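Below is one structure, written out as structure tokens, with a few remarks after it.
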Amino acid sequence: MTDVSHYSQFIPNESAMCQFGHRIVEAINNVDSNKAITVYLNGELGAGKTTLSRGIIQALGHQGNVKSPTYTLVEEYQLPKKTVYHFDLYRLSDPEELEFMGIRDYFNANSLCLIEWAEKGQEMLSAADLLIHIHYVDSARNIELIANSPLGEKIITQLKTA
Ligand code: ADP
Ligand code: MG
């Protein structure tokens, strides 16, 4: 039986990382979800979390730049199929701040939440459907996806069958 809880792939360069973002979007487009899809992006500074997010956001139809939400904490993209909320919580000093930002409204049925440094948000965040870990392999990267919900398993199943 195929293991639907786990997927990993070698990512030789930046454009392959963006390309992988497109594959994630294809997989997401093939699962019905009547709730938010929550993805935690883990990896050291410079690992490629924002680069992968850019690939995902552009694959969903965004044409312009994708800037890192380092200072704004969250950037919103209203795209044809989904609204994407891209978070970078590195500079969040207190998870309570997320309450004031109206975070509860972000995890709605049509949203895709991409969260860098999710550990800083603690219990204010929805649980992840998918955990993505990016590791350095010399100057390249290895990406690892772990399903953390039935929806996450469906997404990985799609990735493996595509
Ligand atoms: P993070 O958001 O994890 O801090 P960024 O995506 O902002 O990281 O930056 C990743 C940096 O690493 C970029 O400058 C990118 O050009 C570079 N890079 C080199 N190889 C890769 C790769 N295989 N995948 C993604 N980024 C890579
Ligand atoms: Mg980043």
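Tabulated data for the structure shown
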| read-out | value |
| --- | --- |
| Yes/no for residue 105 being more than 16 Å from ligand 1 (Cβ to nearest atom), among the acidic types (Asp, Glu) and in a loop (DSSP other than H, G, I, E, B) | no |
| Sole exception among (1) within 16 Å of the chain's Cα centre (by Cα); (2) at positive phi for residue 138, by number | (1) |
| Qualifying positions in region 1-17 - of a type in the set (D, E, K, R) and surrounded by fewer than 13 Cβ atoms within 10 Å (Cβ to Cβ) | 3 |
| Long-range neighbours under 6 Å by Cβ, at least six apart or interchain, first residue under 14 Å from residue 140 (Cα atoms) and in contact (Cβ under 8 Å) with a residue 12 or more places away in the chain within region 41-66, second within 10 Å of ligand 2 (Cβ to nearest atom) and outside any helix (DSSP H, G or I) | 49/41; 49/43; 49/116 |
| Pairs, first open to solvent by 90 Å² or more (accessible area, probe 1.4 Å) in region 77-92, second of a type in the set (Ser, Thr, Tyr), C-beta under 9 Å, six or more apart | 90/70; 91/70; 91/71 |
| Residue, farthest from ligand 1 (Cβ to nearest atom), within region 17-36, restricted to residues that are more than 16 Å from the chain's Cα centre (by Cα) and of a type outside the set (Asp, Glu) | 34 |
| Region 121-136 residues that are outside any loop (DSSP other than H, G, I, E, B), paired with ones that are open to solvent by 30 Å² or more (accessible area, probe 1.4 Å) and not β-branched (Val, Ile, Thr) (beta carbon under 6 Å, 6 or more apart) | 131/40; 131/148; 133/42; 133/144; 134/141; 135/142 |
| Region 52-61 - residue that is within 8 Å of ligand 1 (Cβ to nearest atom) and open to solvent by less than 30 Å² (accessible area, probe 1.4 Å) and, of those, nearest to residue 134 (Cα to Cα) | 52 |
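Residue-by-condition table, conditions (1) under 22 Å from residue 90 (Cα atoms); (2) among the hydroxyl-bearing types (Ser, Thr, Tyr); (3) open to solvent by less than 50 Å² (accessible area, probe 1.4 Å); (4) not in a helix (DSSP H, G or I):
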residue: 19; (1), (2), (3), (4): no, no, no, no
residue: 26; (1), (2), (3), (4): no, no, no, no
residue: 35; (1), (2), (3), (4): no, no, no, yes
residue: 44; (1), (2), (3), (4): yes, no, no, yes
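The values are calculated or read from the model by the stated rules, or taken from the named source; none is laboratory data. Bear in mind the structure is a predicted one, so any value in this text is a computation, not a measurement. With ideal geometry, Cβ positions are generated from the backbone for all residues, glycine too; neighbour counts draw on all protein chains shown. Ligands, DNA and RNA are stripped out before the accessible areas are found, and what is left, the full protein with its side chains, is counted by its heavy atoms. Shrake-Rupley method; radii C 1.70, N 1.55, O 1.52, S 1.80 Å.
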